[in-house]
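*Asks:* The following block contains the structure, expressed as structure tokens.
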Amino acid sequence: NSSSVKEFILLGLSENQGVQKIYFVVFLLFYTLTVAGNLLIVLTVTSSRHLNCPMYFFLSHLSFVDVCYSSVTAPQMISGSLVENNTISFAGCMGQLFGLHFFGCTEIFILTAMAYDRYVAICRPLHYPALMSRRLCGRMVGGSWAGGFLHSTLQTLPTALLPFCGPNKVTHYFCDVHPLLHLACADTRPMGLAAVANSGVIALSCFLILVASYVVILVSLRGKTLAGWHKALSTCGSHIAVVILFLGPCTFVYIRPSSDLSKDRIVAVFYTLITPMLNPLIYTLRNEEVKGAMRKLCRR
């Protein structure tokens with residue numbers, strides 16, 4: 001590696017020390033809620049005998065991924081908002097880039113698997129036990145992790161091999177491909193396009209698959225009773241909310257070659273901090289079974 005830069009300075013969300021202190025309090029609260037809420041879901045699903053259908057199997061994996069995903073960026077950002085220069089080593093920066101894309105991409109694939117599960121449950125209810133077998137669910141989750149790993153490796157390796165010889169100020173609160181490409185001492189346009197093709201296409205195509213699956217579900221509900229509609233929409237409503245909150249901002253950031261990094265920073269807060277925090281709320285507030293299992297767990 002011809003890189004002479006040994007560490008990077010993360011500029012965070014704001015240069016203003018006063019504003020940084022507000023961010024410290026807000027994001028510490030967000031991160032605490034994220035970890036507590038998601039771990040509670042993992043514990044509830046794994047300890048409850050009733051929550052053993054595929055939907056909850058995927059949900060516990062989604063919650064575990066959310067804890068890992070927010071832990072890649074939040075602690076560095078929280079501690080960094082209290083110091084003048086928030087530095088991160090070159091290896092730490094590449095580790096953060098890898099973790100961000102590994103867990104982020106795994107999350108997208110698990111959300112897609114969950115959409116397939118909802119589609120089968122609503123559109124093919126009689127075949128559901130046969131179609132969504134334990135083995136298939138295990139393979140879908142395993143495939144999600146493997147896909148995330150492959151995607152992340154393809155994003156991190158080329159970035160790590162770039163020459164960084166001059167400026168080391170990253171216009172972001174974590175290390176990501178776009179902000180780092182701006183700092184490399186080489187022509188990064190082909191790599192920028194490759195990054196858009198990789199991350200952007202995954203985010204956009206999964207988003208379109210998810211939207212299509214919901215259109216199919218809604219079309220299949222024609223002629224159903226009001227109770228049928230209500231049941232279908234209540235199982236899908238929470239999932240649609242998460243998909244829009246997570247994949248909307250993700251697609252916005254990665255589908256275009258970034259020129260304005262300050263906009264990207266603000267949008268990134270949504271998918272790195274806010275959505276992982278809201279997931280447990282969205283999934284539990286809409287779901288009586290999970291709420292009941294949580295009460296039992298708390299009593300124990």
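*Asks:* Does the stretch 143-150 contain at least one residue that is among the aromatic types (F, W, Y), closer than 28 Å to F27 by Cα and surrounded by fewer than 19 Cβ atoms within 10 Å (Cβ to Cβ)? Can you show your working first?
*Replies:* Of the residues in the stretch 143-150, the ones among the aromatic types (F, W, Y) are 145, 149.
Checking the rest, the ones that are also closer than 28 Å to F27 by Cα come to 145, 149.
Checking which are surrounded by fewer than 19 Cβ atoms within 10 Å (Cβ to Cβ) leaves us with 145, 149.
Within the stretch 143-150, one or more residues are among the aromatic types (F, W, Y), closer than 28 Å to F27 by Cα and surrounded by fewer than 19 Cβ atoms within 10 Å (Cβ to Cβ).
*Asks:* Here are some residues: F30, F64. Which one is among the aromatic types (F, W, Y), closer than 30 Å to R300 by Cβ and free of Cβ contacts under 8 Å to residues at least 60 places away in the same chain? So that I can check it myself, show each step before the final result.
*Replies:* Details: F30 fails: free of Cβ contacts under 8 Å to residues at least 60 places away in the same chain.
Result: F64 is the single residue among F30, F64 that is among the aromatic types (F, W, Y), closer than 30 Å to R300 by Cβ and free of Cβ contacts under 8 Å to residues at least 60 places away in the same chain.
*Asks:* Please go through the stretch 13-47 and give me each residue that is part of a loop (DSSP other than H, G, I, E, B), touching a helix residue (DSSP H, G or I) at 6+ places or on another chain (Cβ under 7 Å) and either open to solvent by 80 Å² or more (accessible area, probe 1.4 Å) or closer than 19 Å to T275 by Cα (or both), ordered by number.
*Replies:* Going through the stretch 13-47, the residues part of a loop (DSSP other than H, G, I, E, B) turn out to be 13-16.
This time we only want the ones that are touching a helix residue (DSSP H, G or I) at 6+ places or on another chain (Cβ under 7 Å), so: 13-14.
Within the stretch 13-47, L13 is the sole residue that qualifies.
*Asks:* Could you grab me the full set of residues in the stretch 68-104 that are open to solvent by 40 Å² or more (accessible area, probe 1.4 Å), in a helix (DSSP H, G or I) and hydrophobic (A, V, I, L, M, F, W, C)?
*Replies:* Scanning the stretch 68-104 gives A91, F98.
*Asks:* Pull out all pairs, ordered by first then second residue, where Cβ-Cβ is under 9 Å, the residues are six or more apart or on different chains, the first lies in the stretch 75-102 and is of a type in the set (V, I, T), and the second is part of a helix (DSSP H, G or I) and open to solvent by 50 Å² or more (accessible area, probe 1.4 Å).
*Replies:* Note: pairs meeting the criteria are I78/Y23; I78/F24; I78/L28.
*Asks:* Another question, if that's okay. Among the listed residues K263, K231, K224, which satisfies the condition of being in contact with a helix residue (DSSP H, G or I) (Cβ under 9 Å, 6 or more places away or on another chain), under 30 Å from R49 (Cβ atoms) and either assigned to a helix (DSSP H, G or I) or not β-branched (V, I, T) (or both)?
*Replies:* Result of the check over K263, K231, K224: K231.
*Asks:* Of the residues H50, H61, which single one is under 22 Å from K231 (Cα atoms) and either at pLDDT below 90 or part of a helix (DSSP H, G or I) (or both)? Steps first, answer last, please.
*Replies:* Working: H61 fails: under 22 Å from K231 (Cα atoms).
Going through H50, H61 in turn, the sole match is H50.
*Asks:* Out of all the residues in the stretch 105-112, is one or more surrounded by fewer than 18 Cβ atoms within 10 Å (Cβ to Cβ), in contact (Cβ under 8 Å) with a residue 24 or more places away in the chain and assigned to a helix (DSSP H, G or I)?
*Replies:* No, that holds for no residue.
*Asks:* Does H172 meet the test of being at pLDDT below 95, of a type outside the set (S, T, N, Q), open to solvent by less than 20 Å² (accessible area, probe 1.4 Å) and not in a helix (DSSP H, G or I)?
*Replies:* Values: at pLDDT below 95: yes; of a type outside the set (S, T, N, Q): yes; open to solvent by less than 20 Å² (accessible area, probe 1.4 Å): yes; not in a helix (DSSP H, G or I): yes.
Judged against the criteria, H172 is a match.
*Asks:* Give the residues of the stretch 100-135 that are in contact with a Phe, Trp or Tyr (Cβ under 8 Å, 6 or more places away or on another chain), under 26 Å from F8 (Cβ atoms) and of a type outside the set (A, V, I, L, M), sorted by residue number.
*Replies:* Of everything in the stretch 100-135, those that are in contact with a Phe, Trp or Tyr (Cβ under 8 Å, 6 or more places away or on another chain), under 26 Å from F8 (Cβ atoms) and of a type outside the set (A, V, I, L, M) turn out to be F102, F103, G104, T106, E107.
*Asks:* Regarding E7, is this residue under 25 Å from V177 (Cα atoms) and in contact (Cβ under 8 Å) with a residue 60 or more places away in the chain?
*Replies:* On the way: under 25 Å from V177 (Cα atoms): yes; in contact (Cβ under 8 Å) with a residue 60 or more places away in the chain: yes.
It is true that E7 is under 25 Å from V177 (Cα atoms) and in contact (Cβ under 8 Å) with a residue 60 or more places away in the chain.
*Asks:* Let me ask another. Filter the stretch 179-221 for residues that are more than 27 Å from R265 (Cβ to Cβ), in contact with a helix residue (DSSP H, G or I) (Cβ under 7 Å, 6 or more places away or on another chain) and either open to solvent by 60 Å² or more (accessible area, probe 1.4 Å) or small (G, A, S) (or both) and give the result.
*Replies:* Initial filter on the stretch 179-221 (more than 27 Å from R265 (Cβ to Cβ)): 209, 212-221.
Going one step further and asking which of them are in contact with a helix residue (DSSP H, G or I) (Cβ under 7 Å, 6 or more places away or on another chain), we end up with 209, 213-214, 216-217, 220-221.
Matches in the stretch 179-221: I209, S213, V216, S220.
*Asks:* Only one of these is modelled with pLDDT under 75 and open to solvent by less than 40 Å² (accessible area, probe 1.4 Å): G237, G248, G228. Name it.
*Replies:* Details: G237 fails: modelled with pLDDT under 75; G248 fails: modelled with pLDDT under 75.
Checking each option against the conditions leaves just G228.
The values are calculated or read from the model by the stated rules, or taken from the named source; none is laboratory data. These numbers were taken from a predicted model, which means no experiment stands behind them. Backbone-built Cβ (ideal geometry, glycine too); neighbour counts: all protein chains shown. When the accessible area is computed, the model is the full protein with side chains, heavy atoms only, and any ligands, DNA or RNA have been set aside. Shrake-Rupley method; radii C 1.70, N 1.55, O 1.52, S 1.80 Å.
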